[in-house]
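All remarks here apply to the structure that follows.
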């Protein structure tokens, strides 16, 4: 990662800080079984968990946002997920230690996710991990969602740090695109969901990490 002063680290949420795949997958799978379809294993859902409803419904029913009836199925999925979004969702191993280390170094941090506020705000409020976050920006906090850079710029404004002195960490190509467009250095979290057939090397991130704590080594080099 190119040397540059770092005052803040921003993170994607699902697949970067938290493993929400079990609850996302269970919500979609419940929709399948209620329709008399066979249950699918979590391993089928996990790679697409970072894509939210679009990814989960794609796995469960083979549909896309352009498919007839997608909007109705998406709202049904939202309702089911809302009732269970803290059942099995946990921070990835090493994330709590990473956040503790950032706080100890005096680095500000925050979250920029495409997850709607309907879920992001109660979820992060319920998890002690996020008590020290300086910003929580959701997919509908601004008029735009990633890969548009505006959510990242909004997070930088909220924590009072210029975008150029922020690092953005995410497990999806949209995260890297948004970070670069916002003028931030970018880190691909290769331990996350990544999606199907992800080619991280093509994302043109400044660096990649295979565990949360590996970010500290990059910060020491920056």
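The values are calculated or read from the model by the stated rules, or taken from the named source; none is laboratory data. Owing to the predicted nature of the structure, the values given are computational and were not obtained by experimental measurement. Please note: Cβ atoms are built from the backbone with ideal geometry, for glycine as well, and neighbour counts cover all protein chains shown.
Structure notes:
- Residue check, residue 117 without any contact (Cβ under 8 Å) to a residue 60 or more places away in the chain, surrounded by fewer than 16 Cβ atoms within 10 Å (Cβ to Cβ), closer than 21 Å to residue 178 by Cβ and in the same structural domain as residue 213 (by TED's automatic domain parsing): yes
- In the stretch 157-171, the count of residues that are modelled with pLDDT under 95 and touching a helix residue (DSSP H, G or I) at 6+ places or on another chain (Cβ under 9 Å) is one or more.
- Test: residue in the stretch 40-53 that is in the same structural domain as residue 145 (by TED's automatic domain parsing) and assigned to a helix (DSSP H, G or I): no
- Scanning the stretch 7-27 for residues that are closer than 30 Å to residue 164 by Cβ and surrounded by fewer than 19 Cβ atoms within 10 Å (Cβ to Cβ) turns up just one, 7.
- Test: residue 81 is buried (at least 18 other Cβ atoms within 10 Å of the Cβ), in contact (Cβ under 8 Å) with a residue 24 or more places away in the chain and farther than 27 Å from residue 210 by Cβ: yes
- Taken over the stretch 38-53, the criterion of being farther than 10 Å from residue 25 by Cβ and buried (at least 16 other Cβ atoms within 10 Å of the Cβ) is satisfied by 47, 50, 51, 52, 53.
- Search result, residues across the stretch 184-201 that are at negative phi and either at pLDDT below 85 or in a loop (DSSP other than H, G, I, E, B) (or both): 184, 190, 191, 192, 193, 196, 198, 199, 200, 201
- All helices (runs of 4 or more DSSP H) inside the stretch 62-173 with 2 or more residues being farther than 30 Å from residue 30 by Cβ: 95-104, 150-159
- Where residue 193 falls short, out of the listed (1) surrounded by 17 or more Cβ atoms within 10 Å (Cβ to Cβ); (2) touching a helix residue (DSSP H, G or I) at 6+ places or on another chain (Cβ under 6 Å); (3) without any contact (Cβ under 8 Å) to a residue 60 or more places away in the chain: (3)
- Taken over the stretch 28-37, residues that are surrounded by fewer than 24 Cβ atoms within 10 Å (Cβ to Cβ) and touching a helix residue (DSSP H, G or I) at 6+ places or on another chain (Cβ under 7 Å) amount to 4.
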